[in-house]
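Accompanying notes for the structure given below.
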Amino acid sequence: MKRVLVLGAGILGVHTAWFLRQRGFEVTVVDRQPGPALETSFANGSQISVSQSDPWASPHAPFKILKWLGQEDAPLLFRLKADINQWRWGLRFLYECLPSRAEHNTLQAMRLAEYSRRTLQMMRRETGIQYDHAEAGIMMIHSDPKSFNDAAEAAQLLIRNGERRDVLSVAEAVKVEPALAHTAPSLAGAIYAPNDESGDAYKFTSALAALAAKQGVQFLYGTTIKRIDRVGGEVSGVVVSDAEGERTLSGDAYVVALGSYSPALLSGVGVDALVYPAKGYSATLPLRAGSKIPAPKGSITDDEKKVVFTTIGERLRIAGTAELNGFDTSLNTVRCEALTRRAKHHFPDLCEWDKVEYWTGLRPATPSNLPIIGQSKLKNLYLNTGHGTLGWTEGPGSARALADIIAGEVPEVDYAFINAPARKIAASAATSHA
């Protein structure tokens, strides 16, 4: 039986371990946290958003970023640093803003996300995991007429390629999503993706880890990964430390699913992964009994502010913004309050505003927004990282496809995996990362 060591117990690591175990591999997962999904996966926006496969890098992005420079509450904020990796990332980002690259990246992300949504639905049927999920679609709202028209035009690319997006008037949007009734006078229109979903990523991943453990996956929590050791063109082991000291773990294959922390570990064995942390924020609040405004049926995205509002059971999750500021995980009060302020604008009496819980996490972003999935230049080292804002959306499918690759099979989904078996893949942004 082939032994696989998975580094990281977030969405990507746990799902990868699950699919490898389903294929009969002996799997060990290593993570420094005391449990699964406690970093980037813990309090994200909770969306399964195939409809939002459009990358940050687009022809309009450079002008928006310049406009937002210095604005503490900007949706996307670069804090320029003397960091060569940030500058490398930024220069590549500008290249990915070319119209041809943006279209290519959108379609790649859409295919992977759609496959992943189907994979999640399959897992839900097979496992019966309950995680406050809703199959009520995602409503993308716009206050500015030009922004709405631009978004309606951009939606045509996904529509032409089979992903449903309904362009709605304000009245039509309110009919589908009554939670918008209060804010309707301030809206210009909306785009609705009825096939999208939402749900608590932390709750699902935690339950999946528990099921995987029952099926024989070993989880080594509270274990810090120090380095990867290499001999020739292969990994020979991974040095870790825990309460009992330092030791080396070995396997037949190794998967790096450490999000933003992947590049530092990979550089030690000569593998380059252009992933940079994009700090995101969220706020979670209890719904207020007796509110005159109904909670969203599923999820709503304020597209201009890049903020999402998702009902999770009896809570509202507000999430958004991206801040490129290295590995800083401190909470910025201005950016935190921008989330709740926007929620109050749309849904003034929906929540118990004085009971807010703020959180921040580092999304592992590539310049193209396409994750790096597949076999690295070391023949027994595999990558599953760089999913940016779509880790929950793309995670199940990414893990299932990587399990296929490790088993020597061709993944079902048409995506530019690195060094995938038995298929000549067209060159893409992902291939330059490893």
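Do you know the relative contact order of the chain, to the nearest whole percent, from alpha carbon pairs under 8 angstrom that are 6+ apart?
Relative contact order comes out at 25 percent.
Once you order the gyration tensor axes a ≥ b ≥ c over the Cα atoms, which shape class does region 105-192 get: rounded for a/c under 1.5, otherwise prolate or oblate by comparing a/b with b/c?
It comes out oblate by the Cα gyration axes.
With springs connecting C-alpha atoms under 10 Å apart, model the chain as a Gaussian network and identify which of GLY374, GLY237, GLY361 has the largest mean-square fluctuation.
Most flexible of the set in this elastic network: GLY237.
Please report Rg (one decimal) and Dmax (integer) in Å for the Cα set of region 52-92.
Calculated on Cα positions, Rg and Dmax stand at 11.1, 32 Å.
Would you mind getting me the FRET efficiency between SER186 and ASN419? Use the beta-carbon distance for r and R0 = 30 Å, nearest 0.05.
0.05
If you count, for each residue, the other Cβ atoms within 10 Å and average over each peptide, how do 258-264, 245-251, 73-79, 24-30 line up from highest to lowest?
258-264, 24-30, 73-79, 245-251
State the volume of the convex hull built on the alpha-carbon positions of the chain, expressed per residue in Å³ and rounded to an integer. Working shown, then result.
Numbers: hull volume 60.4 nm³, N = 434.
Looking at the chain, the number lands at 139 Å³ per residue.
Two decimals is fine: what's Rg over Rh for region 107-262, C-alpha atoms, Kirkwood radius as Rh?
Result for region 107-262 is an Rg/Rh of 1.13.
With the Cα gyration tensor of region 1-105 giving a ≥ b ≥ c as the square roots of its eigenvalues, does the rule (a/c under 1.5 for rounded; else a/b larger than b/c for prolate; else oblate) give rounded, prolate or oblate?
prolate
Can you give the calculated 222 nm mean residue ellipticity of the chain, where each DSSP H run of n ≥ 4 adds -39,500 (n - 2.57) and the sum is split over every residue, rounded to the nearest 500 deg cm²/dmol? Working shown, then result.
Values: 10 runs with 135 residues, N = 434.
Taken over the chain, the calculation gives -10000 deg cm²/dmol.
Would you mind getting the accessible area per residue of the chain, heavy atoms of the protein chains only, 1.4 Å probe, in Å²?
39 Å²
Taking 0.36 nm per residue of sequence separation and subtracting the Cα-Cα distance, how much length would be gained by fully extending the chain between LEU69 and ASN161, in nm to one decimal?
29.7 nm
Could you tell me the center-to-center distance, by alpha carbons, between region 332-402 and region 1-26 in angstrom?
Distance between centres, Cα-based: 21 Å.
Among 267-278, 184-195, 43-54, what's the highest-first ranking by average C-beta atoms within 10 angstrom per residue?
43-54, 267-278, 184-195
Compute the Rg/Rh shape ratio of region 227-382: radius of gyration over Kirkwood radius, all on alpha-carbon atoms.
Ratio of gyration radius to Kirkwood radius: 1.13.
For the chain, give me the percentage of DSSP beta bridges that are antiparallel, rounded to the nearest 5 percent.
Restricted to the chain, the bridges split so that about 70 percent are antiparallel.
Run the numbers for ASP150 and TRP87: contour at 0.36 nm per residue of separation, minus the present Cα-Cα distance, in nm.
Values: separation 63, 0.36 × 63 = 22.68 nm, distance 2.92 nm.
Once the chain is fully extended between ASP150 and TRP87, it gains 19.8 nm.
The values are calculated or read from the model by the stated rules, or taken from the named source; none is laboratory data. Everything numeric in this text was worked out from a predicted model, so none of it was measured. As a convention, Cβ positions derive from the backbone with ideal geometry for all residues, glycine included, and neighbour counts pool all protein chains shown. For accessibility, only protein heavy atoms count, side chains too; no ligands or nucleic acids. Shrake-Rupley method; radii C 1.70, N 1.55, O 1.52, S 1.80 Å.
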